[in-house]
Structures are given as C-alpha cells and as structure tokens.
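The block underneath contains the structure these notes are about, expressed in structure tokens.
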C-alpha cells in the first residue's frame, strides 16, 4: 500500500518495537489512569476509563498482539483513537514523537512480511536506518468473529 | 423528475418539519373523522392541512407530493361542502394517499421525492369523486401502461426527461351525455399540442378522427408549462367536466421502498417531539407560549446537567469533610454554606431538566388508533381503542423505546385476545371489542396498562405449548399452578397461535417485549380471566438518564445498584449464610433466600468463599418487583459504600452487551463504576435455586 503522499504519524514504543499510526486517527494522548475492568470481554480489553465525562473502552496493545505483558510505567500512555466514529483507547509503553514520512519511504507490508500479521499493517516506513511498522488500527481493533459470537451469547 | 435545485438545506428542513407535523395531524384527524363524520371543524382542519401541504410542496417543486395532495384536497373539498358523505371507502383512500405521502417524504431527506407511482392513489381518490369516470380511469390505467411499453413512446418520454422537460399525465373527462365526444377530444388535444408535445394519447389521433372515442381523453404530455397553464384551457372546452394534470412518474417503480419507510418512523419521534412541544398541533392544543429546540442541543444540555449532578455530590462530600476537620475556619464554613446552596440549585436544575425532557405519553398513544383500525380491518374484527391518561408525562428516552413493546401487546390483544364475532355474540359480549390503553403515574414510575375484553389467555393451551416446545415435561406442566403457567407466555417461541404479521422485523414474541421493557429498568406483568379478558401492566421508570443508586464494593471494584430493586441492606454474619442443596442461601429473619456474591455473579469466575466466623457479611436484598411472584435474593458485597444519584453513561458499542452489566457511571472523583443489571442477576439466582430443587426432586424420584 505504498503511495506518494506524505504521511504524518504518531510514533510509539511497544515491547521494544516502534510503531506508527496515522495522526488523523489520533484524538488525544493521555497518561495512564485507573481502568475499570468490564467482565466477559476479550482478554486484551482492559476495561473502560472516564474521558472527560464519557466512558470509553481501553485496549492493551501488548495483549492484543500476544506480547509479553509488563507493568505500566510513568511513560505509559493511552492513545485515544477514532475508529469508525467510536473513541477507543490503546495502551502503549511510551509515545516518542510525531513524524512526517514521505510516501516514497513506505513499503507495502506484504512485500516484506509473509505472515498474516501483515493484515494489521499499513506499511513499513524506512527512516534513516530504522524501520517503523505502520499499524492499521481499524483492523487491529476490529472485533474478531469469535468475539462477536461470544458477545451475542452473553447478550 | 427534475425540480428546482435552488432549495437551501434550511428550506428543506423547515419544509420537512412542517410537512411531518401536517402528516401526523392528518393521520390522527382522518381516523377521528371516521367516528365524527359530521364534525365540520375537524373537516376544515383536515382540508386546511392538505391545502397547506399542497401549497408548500408545490412551491418547492415536489410535484408528486403536490399532485397527490391536490387530489386529496379535491376529495376533501367535496366532503367538507357536504357533497360527499364520509364513508369507510373515503377514509381508506385518504389513508392510502397519506401513506403514499409518507413514502414520498422519506426520500426527501436525500433531497428528492422517493419514486412512487401516485397514479393508482390519485385514481382511487378521483374514482370516489366521480364514479362514472372510475371505469374509464381503471381501464385507462393498464392501457396507458401498454402504450408506454411501446419502445418509441418510451424513447420519447426519455428524450423529454433528458431535455429537462417535465412529463404529465393529463386526463380529461367529458360529459357522459355529450354527443360530441370525438369533437371535444379533438379540441382538447389541440389545446395540448399548442403548449407542448403530446407523446401519446388514448384515444389516439387516428381514433379520434375515426370517432372511436370514449368519454375520457388521456395523454402523456411533455411541456415546460405549469400544470395550471395546461389545465385552464382544457376546462374551457365545452362539455369537459373534469381535468387532471398529474406528473408522470414513470410506469416502472411503484415498489414503495420499504427500507425508506423505516426512516420517517424513526425520524418522526424526534421531529414530533420538537414540533409538538411548540404546540403547533393545531386547534386541538391550546395556544401555548413555546419554542422549538433542536433535539441535539437538548441532549447536550442534558449531558452538562448530568456532569453537574456528579460534581455536586462531590462538592457536598468534600465540604462535609472539610467542615468536620476545620469547623472553626471561617472560610471553610463559608465554603460549606456555598456548596450547600450549589447542591440545592443543581438539584433544582436537574429536576427542571428532567421535566424539559418529559413528553406527554399521548404523543406515542396518538399513533395507536391508526394501528387498531388497520388491525381491525385486517383481522375482520371490530375493535375500538380507548385511550386514557394521554397527558401523563414520560422521559423522551423512554417514550421512544416502549413503542415497539406496546405495539406488540396491542397486536397480541387484537390477534389472539379478541374473539371472532360469533364467539363474542354467543358469550353475550358486545360486537365491538374494546382495547383500553391507559397511563398514570405511581410513586416515581409510570404505569401503562393494556386491557382487552377478549377471551383471556387459554392457560391449558399455554401448558400444552410449553410441553410441545420441550420447556417442561408433561408432568411438570400439569403440576405448576395456573399463575406459574401463565408466566410461561414470556418464554421465547411459546406463542400458542403464531401469526407472523409485518412486525418491524425485530422479532415477534412476548420474550422480546419483556426483554425490551426490562432493558428500560421496567417490568411487565400479565393477568387474565378466562372469557373476560387480559391485562398487561408495564411499570417503567420516569427517566433513563439518572437513577437513585446504591454504591457497593465487591472484590476491589465498585458497582452501582438501582435503588428501585433494593428492599433493604443487611449487615449480618456467617450464621445467616448456609447451603441448601449445594446452593448458597441466606436466612434473614426466618426467610430463606438464594444468595450470590456480586463480583462472582457478574464475572462468573471464582468460587464462592464461605464467610468465616465473626466476619461481617454485608448483603443487599433485592427483588424484581412487588408482585407475589417476586422472590427476594441476597447479594453479598464486601462493603456498602453510599447512596447517590447515578448518571447513566453508555458503555458504548465496541464492548457490546455484557451480561449482568447495564451500563456505567462516573463518580464525583472520576472513577468509573459498572451499573449492575439486577433483574438478570435475580433471574439467574432464582433459576439456580429452581434447578437445584428440580435436580433434587429428580434424584429423589
């Protein structure tokens, strides 16, 4: 999915890797706060938080990717993104920077990654000598059909 | 159909609001008209409404709506002048046209009238005005379609439309007594050709010259002229008794878009709410000082007041604490006073806001006479609807959500409750069955009852259906009391005579009704008397936005329970807790009730830990309602925290429905707490103990 246009990205750390998401989807970035657990939700859904009077769900990205979990630190942040009109918070280890990346430096993910993980990626950006994985959050946060099935049972 | 494209979105919005009000009015009034056929004031009101609608829609270029309302107006004019009496046929035709208008309106949200062939509706109306033309009209219908089917005609129609020239269907009725029909047709046709292109006509030019004519001339006519300019010269032709010029909407689509039908119904409540609040419901409402408010703004206001309510509790807590610690400090005392005042003011603001959100339940009830009439016709049963307590007020959030359950219950009464005529007569009952819909306030709730004087619910049939469905064994079905058997109607799939009618597609069944009502924190009960009738009672909270709640802590998390379910809170010890047939129970002053631990009941994890020795046990005793069948359940928590006004926040759609959780709320200190779905927990607990006794029964047998 390489294209020519420049993209502006929010870059964050997760278990030692750097990931980027389209700045257009990011509503705000807030500090880690107490999360109220909601029962009978998928494992990676931490729970809900109070965002200025609204209740929004929060997802732990490490759990979502099946990575080892670790204690939240003072650098941990909740990145609130807009997915199909809904606000959802995503817990990351740290938010490092906002970057502009030329379209030309973005390679299509499937060209470089052969596993099905490439489904969740919007591309890989080459910045200097580092690689930045661009996440397609719509797909990352999309409910799997298993979860949807589980929900309809619970209902 | 092309029309003036210089309509601003505001113009459209204003028109739509006005049109929707008028359509509502017409709906109700036309139904009333059937009962009050000599009410001249009512007739005037109806006529004026149709007239206004014709004018506005015409002005904005909505030709189809204008054409249809024009035909309605013609009919109504004769009725109000006394030339035609009100008959069920007329009411049917008017209602059918009204439905057509609603369909046309549905497309307007996208800026264009929906495609609908108004021809049959117009013909139906005209046939009543002039029955002799009816045969001509109905014959002509198919014939025009046949003519249009011819490729060269279609091509010419398309060409006209391409060029932006409107196409009309012109009908000229000639006096049946006239001897010069052919001449008159010829003259009429000439008038037309002078002003535009006659694409096709019945009779055709050739037939006219051969004097093979009837008493009606029909033509498909493309012209840039206005309908009035077209019809005026036609009426001057001698022997012409009637002229109609109606936009030609194309022979194809009279598939009334049923998907679109959904939108006016859902858009209507919001607009109706706003419109009715302005008292623009016509002469029936007294002239009130009122304003129109955008529903979104109202909701925003409500959200902000909700925030204030949360903060007001917080301020009260903090100032109380400060006062205890620093009662000598003047500033602290001043703060305490001010915060007490703030608390009072916010409470008043909250109450006022709740009232602003209240709507008279009559807004909802006003849709039902039409429903009852339609059902009455379609089932062939004579039913009248009596409505009481229309002024009873209810929160707008509730009003929108009880419509479906009420519709279903009314259908149920008419479909299954009301007996066929011969059965009623044999029982000495009046021919016309009565369905009564009533609303009233009762200690912080609104109670809505639906009763019918039908045959009652056949409990034996219900037992049989339960056995057939496998919900009960034949022995169990025999054993349970009548009361318990009656409750089986709430089980899914258990209707004894299932007739799938065109319900909104969300599912038929009493189980859906009960689920919908309980989702509103309400309850629905049924009582019946064989041969006499059935009554459904719905009890609903006045608002969904806030409720009085009990805050508790269980397993490190805070939960809120609606006070409406709470009977009492108890502090006791392990002596009161025991097990009966493997299920935990609590013995409260001799009453033994099922017991559950809140945290585990909701997240269904972990095992219950029996309390030890002198450890205090805190429990909240809850009941689903006050009926005889409502048994208490003890919910054990770690701590009873506080009682406060809880503002309901949705958990959002991403998480979907979580069983046992009815929503979330934000406390004064910002913490998010889950709101417990108490009815579900009670059901689980009672079911658990029922299962346990059944198991025990089976083992013993």
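Key figures for this structure:
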quantity	calculated
Residues satisfying the stated conditions in the range B:155-178, i.e. touching a helix residue (DSSP H, G or I) at 6+ places or on another chain (Cβ under 8 Å) and either under 18 Å from residue B:238 (Cβ atoms) or surrounded by fewer than 16 Cβ atoms within 10 Å (Cβ to Cβ) (or both)	B:170, B:171, B:172, B:173, B:174, B:176, B:178
Test result for residue A:49, away from every other protein chain (no Cβ under 11 Å), more than 12 Å from the chain's Cα centre (by Cα), in a strand (DSSP E or B) and in contact (Cβ under 8 Å) with a residue 40 or more places away in the chain	no
Qualifying residue in the range A:64-82 (condition: more than 14 Å from chain B (Cβ to nearest Cβ) and part of a strand (DSSP E or B))	yes
Single residue of B:346, B:309 found to be surrounded by 16 or more Cβ atoms within 10 Å (Cβ to Cβ) and modelled with pLDDT of 90 or more	B:346
Check on residue A:89, modelled with pLDDT of 85 or more and more than 14 Å from chain B (Cβ to nearest Cβ)	no
Of all residues in the range A:109-155 being within 13 Å of the chain's Cα centre (by Cα) and part of a loop (DSSP other than H, G, I, E, B), the one that is modelled with the lowest pLDDT	A:142
Qualifying residue in the range B:635-649 (condition: within 14 Å of chain A (Cβ to nearest Cβ), at pLDDT below 90, touching a helix residue (DSSP H, G or I) at 6+ places or on another chain (Cβ under 6 Å) and crowded, with 21+ Cβ neighbours inside 10 Å)	yes
Failed item, numbered, when residue A:40 is tested on (1) facing another protein chain (nearest Cβ under 8 Å); (2) free of Cβ contacts under 8 Å to residues at least 60 places away in the same chain	(2)
Unmet criterion (only one of (1) within 20 Å of the chain's Cα centre (by Cα); (2) at positive phi) for residue B:380	(1)
Lone unmet requirement of (1) in contact with a strand residue (DSSP E or B) (Cβ under 7 Å, 6 or more places away or on another chain); (2) outside any helix (DSSP H, G or I) for residue B:328	(1)
Failed condition for residue A:118, given (1) at positive phi; (2) surrounded by 13 or more Cβ atoms within 10 Å (Cβ to Cβ)	(1)
Residue check for residue A:3: at pLDDT 90 or above, assigned to a loop (DSSP other than H, G, I, E, B) and either at negative phi or away from every other protein chain (no Cβ under 14 Å) (or both)	no
Pick from the range A:52-63, criterion part of a strand (DSSP E or B) and in contact (Cβ under 8 Å) with a residue 12 or more places away in the chain, ranking: nearest to the other protein chains (Cβ to nearest Cβ)	A:57
Qualifying position, being farther than 27 Å from residue B:423 by Cβ, surrounded by 16 or more Cβ atoms within 10 Å (Cβ to Cβ) and modelled with pLDDT under 90, among B:512, B:489	B:512
Flag if residue B:303 is within 14 Å of another protein chain (Cβ to nearest Cβ) and in a helix (DSSP H, G or I)	yes
Every residue from the range B:425-444 that is at pLDDT below 90 and buried (at least 17 other Cβ atoms within 10 Å of the Cβ)	none
Strands (runs of 3 or more DSSP E) fully within the range B:632-671 counting 2 or more residues that are under 36 Å from the mean Cα position of the chain (by Cα)	B:639-647, B:661-666
Residue check, residue B:317 touching a strand residue (DSSP E or B) at 6+ places or on another chain (Cβ under 9 Å), farther than 30 Å from residue B:400 by Cβ and not assigned by TED's automatic domain parsing to the domain that holds residue B:403	yes
Search result, residues across the range A:40-67 that are in contact with a helix residue (DSSP H, G or I) (Cβ under 7 Å, 6 or more places away or on another chain) and within 21 Å of residue A:13 (Cβ to Cβ)	A:44, A:64
All strands (runs of 3 or more DSSP E) inside the range B:522-602 with 1 or more residues being under 30 Å from residue B:672 (Cβ atoms)	B:523-529, B:533-541, B:546-554, B:557-562, B:566-573, B:583-588, B:591-597
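Results for (1) crowded, with 20+ Cβ neighbours inside 10 Å; (2) farther than 17 Å from residue B:437 by Cβ; (3) at pLDDT 85 or above, shown as yes or no for each residue.
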position: B:317; (1), (2), (3): no, yes, yes
position: B:353; (1), (2), (3): yes, yes, yes
position: B:366; (1), (2), (3): yes, no, yes
position: B:372; (1), (2), (3): yes, no, yes
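The values are calculated or read from the model by the stated rules, or taken from the named source; none is laboratory data. All values reported here derive from a predicted model rather than from experimental measurement. Glycine also receives a Cβ, built like all others from the backbone with ideal geometry; neighbour counts cover every protein chain displayed.
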